[in-house]
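J.: Please see the structure below; I have some questions.
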Amino acid sequence: IKILEVNKISKKYKNSTQALTDVNFSVKEGEFVSIIGPSGAGKSTLLRCINRLVDASEGEIKLDGVNLLSLNKRSLQKTRVKIGMIFQHYNLVERLSVIENVLHGRLGYKNILTGSLGIYTQEEKRKAIEILCSLGMEEQIYKRCDQLSGGQKQRVGIARALIQEPRLLLCDEPIASLDPNASKVIMDQLSMISKKMGITVLVNLHQVDVAIKYSDTIIGMKKGSVVYSGSAKGMKSET
Ligand code: ADP
Ligand code: ADP
């Protein structure tokens, strides 16, 4: 069963950079998909189009059969909660504690950078702690984020996305700033999220070997177009 369908997506930025041209692919529920390709290929733009941080110029993006590009603001906010996102540079509020950052996530990503923490329930707090423990962060719960290592910061990013209970997790170069050990922890956790929790994972990577090791499917991009789409195994036998 398809959870995500990307149909004929193109994106031209205001400065007339054509970042995406006629991108098509679909993703099955629970699948682990890596998007690989050189810098500037359009990987980040593609993920941002999927959660509408960036507006695609043309095409449709269906989540559970609903075209995200046709939603008005209010329906979009509701639907966006189903889509979690993590970033290369974590995008945490560094001066706040780990748990405060995670609790922020329940507001949905768009509100994180602008919104106040607001009021949260004991149940939400309990859930935040549970998620942090499942990611091996039990000793950091009340630390400030600016005291954490990069790998720990990314785990806070993951926890912040998971508290939304997303169906789809978008990961934009999640290990590009991490050393090999921290990278392995993060990739193993993303794999666990896909296999054990059944959440569909879409991850931008530039390391082909990592993509092959962890993914069910690989999408290769170059200059804004999809140039490969198939199983990770098939890719291995080609290289
Ligand atoms: P990747 O993630 O594969 O490195 P990006 O999606 O970041 O690729 O970029 C694709 C192209 O779009 C690049 O040429 C990049 O410079 C350009 N681009 C990205 N964001 C913007 C923006 N906000 N405005 C204009 N051009 C952009
Ligand atoms: P990150 O690595 O945190 O995703 P990026 O380097 O991709 O950050 O981009 C930072 C911001 O600048 C993003 O909002 C992106 O859309 C924008 N951007 C990237 N490339 C360009 C470009 N060529 N022209 C204008 N804006 C760009």
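The values are calculated or read from the model by the stated rules, or taken from the named source; none is laboratory data. Note that the coordinates shown come from a computational prediction; the quantities given were computed from them, not determined experimentally. So basically every Cβ, Gly included, is an ideal-geometry build from the backbone, and we count neighbours across all protein chains shown. What goes into the accessible areas is simple: the full protein's heavy atoms, side chains included, and nothing from ligands, DNA or RNA. Shrake-Rupley method; radii C 1.70, N 1.55, O 1.52, S 1.80 Å.
J.: Inspect region 54-77 for any residue being open to solvent by 60 Å² or more (accessible area, probe 1.4 Å), within 16 Å of ligand 2 (Cβ to nearest atom) and either modelled with pLDDT of 90 or more or not β-branched (Val, Ile, Thr) (or both) and give the result as yes or no.
T.: Yes, region 54-77 contains at least one residue that is open to solvent by 60 Å² or more (accessible area, probe 1.4 Å), within 16 Å of ligand 2 (Cβ to nearest atom) and either modelled with pLDDT of 90 or more or not β-branched (Val, Ile, Thr) (or both).
J.: Test Lys222 against the stated conditions and say whether it is among the charged types (D, E, K, R) and either touching a residue at least 24 places away in the same chain (Cβ under 8 Å) or open to solvent by less than 30 Å² (accessible area, probe 1.4 Å) (or both).
T.: yes
J.: Return the residues of region 196-228 that are among the small types (Gly, Ala, Ser) and outside any strand (DSSP E or B); say none if nothing qualifies.
T.: Listed by number, the residues that qualify are Gly198, Ala211, Ser215, Gly224.
J.: If you check Ser177, Ser194, which single one turns out to be touching a Gly at 6+ places or on another chain (Cβ under 8 Å), among the hydroxyl-bearing types (Ser, Thr, Tyr) and open to solvent by less than 10 Å² (accessible area, probe 1.4 Å)?
T.: Only one candidate passes the filter, namely Ser194.
J.: Being in contact with a strand residue (DSSP E or B) (Cβ under 7 Å, 6 or more places away or on another chain), of a type outside the set (Ser, Thr, Tyr) and open to solvent by 10 Å² or more (accessible area, probe 1.4 Å) is the requirement here; does Arg155 meet it?
T.: No, not satisfied.
J.: Is it the case that some residue within region 78-99 is under 17 Å from Met221 (Cβ atoms), over 13 Å from the mean Cα position of the chain (by Cα) and open to solvent by less than 10 Å² (accessible area, probe 1.4 Å)?
T.: Within region 78-99, none of the residues are under 17 Å from Met221 (Cβ atoms), over 13 Å from the mean Cα position of the chain (by Cα) and open to solvent by less than 10 Å² (accessible area, probe 1.4 Å).
J.: Examine region 128-148 for a residue that is of a type in the set (S, T, N, Q), under 18 Å from the mean Cα position of the chain (by Cα) and crowded, with 18+ Cβ neighbours inside 10 Å, and state whether such a residue exists.
T.: No: zero hits.
J.: Another question, if that's okay. Would you be able to say whether some residue in region 19-42 is within 16 Å of ligand 1 (Cβ to nearest atom), open to solvent by less than 60 Å² (accessible area, probe 1.4 Å) and farther than 18 Å from Ile219 by Cα?
T.: no
J.: Let me ask something additional. Name the one entry in Lys2, Lys14 that is near ligand 1 (Cβ under 8 Å from one of its atoms) and either more than 16 Å from the chain's Cα centre (by Cα) or surrounded by 15 or more Cβ atoms within 10 Å (Cβ to Cβ) (or both).
T.: The unique qualifying residue is Lys14.
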